[in-house]
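First comes the structure, then the notes that go with it.
The values are calculated or read from the model by the stated rules, or taken from the named source; none is laboratory data. What you are looking at is a predicted structure, and each value in this text was computed from that prediction instead of being measured. Reconstructed Cβ throughout: ideal geometry from the backbone, glycine too, with neighbour counts over all protein chains shown. Side chains included, ligands, DNA and RNA excluded: accessible areas come from the protein's heavy atoms. Shrake-Rupley method; radii C 1.70, N 1.55, O 1.52, S 1.80 Å.
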Amino acid sequence: MSDVRQTVAPQVGDDIAVQLSDVHKWYGEFHVLKGINLTVSRGERIVICGPSGSGKSTLIRCINRLEEHQRGNIVVDGVELTNNLKNIDQVRRDVGMVFQHFNLFPHLTVLENCTLAPIWVRKMPKDQAEAVAMKYLERVRIPDQARKYPGQLSGGQQQRVAIARSLCMNPKVMLFDEPTSALDPEMIKEVLDVMIGLAREGMTMLCVTHEMGFAKTVANRVIFMDRGEIVEQNAPNEFFNNPQSERTKLFLSQILAH
Amino acid sequence: MADHISVQGHPGSVTSTDDRETASAVVKPPALALGPLGWVRANLFNTWFNSILTILILWLAYKIIPPLVNWLIINSVGPGEGVTAQACRASGGACWAFIHEKYRLILFGLYPYEEQWRPIASILIIVGLLGVSSNRNFWKPWLLAVWAAAAVVIGVLMWGGVLGLPFVRNTLWGGLPLTLILSVVGLVVAFPLSILLALGRRSDLPIVKSLCVTYIELIRGVPLITVLFMASVMFPLFLPTGVTIDKLLRAQIGLILFASAYLAEVIRGGLQAIPKGQYEAADSLGLTYWQKTRKIILPQALSITIPPLVNTFIGFFKDTSLVIIIGLFDLMSASKAALTDPAWRGFYKESYLFVAVVYFAFCFFMSKYSQWLENELHRGHKR
């Protein structure tokens, strides 16, 4: 497996954005991550797929410490995640995250959702934060909704606001945790289009998703996880056309069948 | 990307929905035209059981309402020259002359008669500020400063001793100003304290958590009367000789301790109702614990706990009447004192009714205001 990574990763860049080495995590007795090794280069787009319960969400949630790993090392942009709160805050400032259920703040307007963190975490003046927010709201094509509350928007619009909210912090890495799984089919495309745009601009992305079309379009590397392990990883063409392991083949046959 | 196109396109079903919509726009709901007689038959006499209930209620109303109107209005004795208790007793109606005679005592307790403009001014300041504070546009830092300034002004007014105002000991304070001071100061101090207690009870830090749990459970497990007794009788025993703390202050502290424990549990309920995703989103943006709590969690938690919070506020406002047992003359105790005048003995109904109306006015305002505030806070993000 390590040789696969070596053939893919160096083409993109030498700088390392995220490095996980021998990461383990348990939920009580349940061993959810079993020795994950993963190096993400700057500008790399990685899609993580796998059956439910395989640990893929837990893996990316460890990268911004929403979950705590119990063994191994995670280094994000040169900062190691330990119990040091300063390190955790620094990593979280530089890593954006988009959730399956959007998790917008319902009591704040769209614009306030976007300006909150820049104002309070980055100490940006309010008018500057609003200018930045409007820039990213235009980028996700909903500037006209800025004064509305999240509850007044459709699911697809809410998810685009969530992406804009993360971008306002000018993150170095973006994590996506099944961003389209809670959306109605006709709204999936508008969110994926935004994500494809981001990928084209060179954002480092780790994306847990079952959108195989998206994986084929933008991913440098597709990772297949099962039962807490990385079973297989490869460039999308190789991964889809020539899967190596039986588990991958089974998974792909199920997911591409419909 | 091709995967989606097949999912998106269902042209047939889309057209049929449109057809149904245009058709339904034309059809109107059936008109429900019922005359008043028809309404009575359909709602009051539709079954034999409802008919019996209707007749029973009409009979009870006949039995209750006319005597009540007689007592309250027709046979009542209003204030006037030379109206005495004897005239009241002879009439058989309500004796409003008694209220006219005693309202100063009920509303202001033993406060010196000539100086009672001072408690009146204090009440007006408190009520006026409550009115200003109820407008959400004024929820700015300067409002806190205004409240602090008002507290000083009220202190000067009530105590006096400066600016040519004669000094009035706080053992002479009583009636409505005392009730308002005890409740407003109690809630203003207890509320932030209860937020800290509620946050502490959910803290990951074991010492903070166990301290908060112990405090809340201990105070909540004891009747308010006991807390007040302890504050007034037992607490001074622990103080070194020569040091005394004012009785009013002790009662106020007892009330604050009690209210904060109850409010903390209400607020904790609201904190628990906030979805985990809100905490995670705030964390992932790099907000610190206090930023997250202040900007994301508390605004939502407090807005959903408005009904139980106001419930506790109203209960607390009325519970201040328990200070009677440690000898403070709040509104309730003052009305009892008014009844001890030998010349006007026995007009319990009028006295309690008057006090009840005053309490009701304040509680009803709180209740109505909370409903309005709830709508106001939820208007934006309601789906």
- Note on the structure: Hits for chain B under the membrane-span-like helix rule (DSSP H, Cα axial span at least 27 Å, Kyte-Doolittle mean at least 0.0) are B:48-69, B:141-159, B:175-201, B:247-273, B:348-379
- Hey, can you grab everything whose amide H is under 5 Å from the amide H of A:Ile48? Only 5+ residues off in sequence or another chain; H modelled, so Pro and N-termini drop out. A:Cys207, A:Val208, A:Thr209, A:Ile223
- Total accessible area lost when B and A pair, probe 1.4 Å, Å² to nearest 100: 2700
- Task: Place a +1 charge on the Cβ of each Lys and Arg in chain B and a -1 charge on the Cβ of each Asp and Glu, then give the dipole magnitude about the Cα centre in debye, rounded to the nearest 20.
- Result: 200
- Note on the structure: For chain B, dividing by residue count, accessible area per residue (probe 1.4 Å) in Å² works out to 57
- Task: For the range B:321-342 and the range A:76-91, write down the distance between their C-alpha centroids in whole Å.
- Result: 63
- Query: Picking from B:Gln371, B:Phe313, B:Ile253, whose Cα lies most toward the positive end of the charge dipole for chain B (charges on Cβ: Lys, Arg +1; Asp, Glu -1)?
  - Reply: B:Ile253
- Note on the structure: Expressed as a whole-number percentage, the relative contact order of chain A with C-alpha contacts under 8 angstrom and at least six residues apart is 26
- Message: What does the net charge come to around A:Gly228 if you take all other residues with beta carbon closer than 15 Å to its beta carbon, with K and R at +1 and D and E at -1?
- Response: +1
- Message: Explain nothing, just the number: relative contact order of the range A:124-250, from Cα pairs under 8 Å at least 6 residues apart, as a whole percent.
- Response: 17
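In peptide B:272-281, how many Cβ atoms from other protein chains are near each Cβ within 10 Å, on average?
Partner Cβ neighbours, averaged per residue: 4.
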- Item | Cβ crowding within 10 Å averaged over residues, with B:342-348, A:245-251 ranked highest first | A:245-251, B:342-348
- Place the peptides A:102-115, B:277-290 in order of packing, highest mean first, counting for every residue the other Cβ atoms within 10 Å and averaging per peptide. A:102-115, B:277-290
- Can you tell me the order of B:90-102, B:164-176, A:204-216 when each peptide is scored by its average per-residue count of other Cβ atoms within 10 angstrom, highest first? A:204-216, B:90-102, B:164-176
- Message: Going Cα to Cα from B:Lys336, which aspartates and glutamates come in below 18 Å? Please leave out same-chain ones fewer than 8 positions away.
- Response: B:Glu101, B:Asp319, B:Glu350
- Task: Provide the net charge surrounding B:Val208, with neighbours chosen by a C-beta distance below 11 Å and charges set as Lys +1, Arg +1, Asp -1, Glu -1.
- Result: +2
- Note on the structure: Gyration tensor on Cα atoms of chain B, a ≥ b ≥ c root eigenvalues, a/c under 1.5 rounded, else prolate if a/b beats b/c, else oblate, says oblate
- Query: So how do B:Trp159, B:Trp142 rank on accessible area, 1.4 Å probe, biggest first, that is with the largest at the start?
  - Reply: B:Trp142, B:Trp159
- Task: Any lysines with Cα under 27 Å of the A:Lys249 Cα? List them, leaving off those in the same chain fewer than 8 positions away.
- Result: A:Lys25, A:Lys34, A:Lys56, A:Lys189, A:Lys216
- For chain B, what is the relative contact order in percent, using Cα pairs closer than 8 Å and at least 6 residues apart in sequence? 17
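In the range A:112-225, what percent of the accessible surface is made up of carbon and sulfur (1.4 Å probe, ligands and nucleic acids excluded)? All intermediate terms of the calculation are to be shown ahead of the outcome.
Details: 1890 of 4090 Å².
The value for the range A:112-225 is 46 percent carbon and sulfur by accessible area.
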- Task: Return the average number of partner chain Cβ atoms within 10 angstrom of each residue Cβ along peptide A:66-76.
- Result: 1
- Excluding residues on the same chain fewer than 8 positions from A:Lys135, give the lysines whose Cα lies under 19 Å from its Cα. A:Lys123, A:Lys126, A:Lys148, A:Lys172
- Item | Dipole of the protein assembly as shown [Lys/Arg +1, Asp/Glu -1 at C-beta], most positive-end residue of A:Tyr27, A:Ala17, A:Ser54 | A:Tyr27
- Is the shape of the protein assembly as shown rounded, prolate or oblate, going by the alpha carbon gyration tensor and its root eigenvalues a ≥ b ≥ c, with a/c under 1.5 for rounded and a/b larger than b/c for prolate? prolate
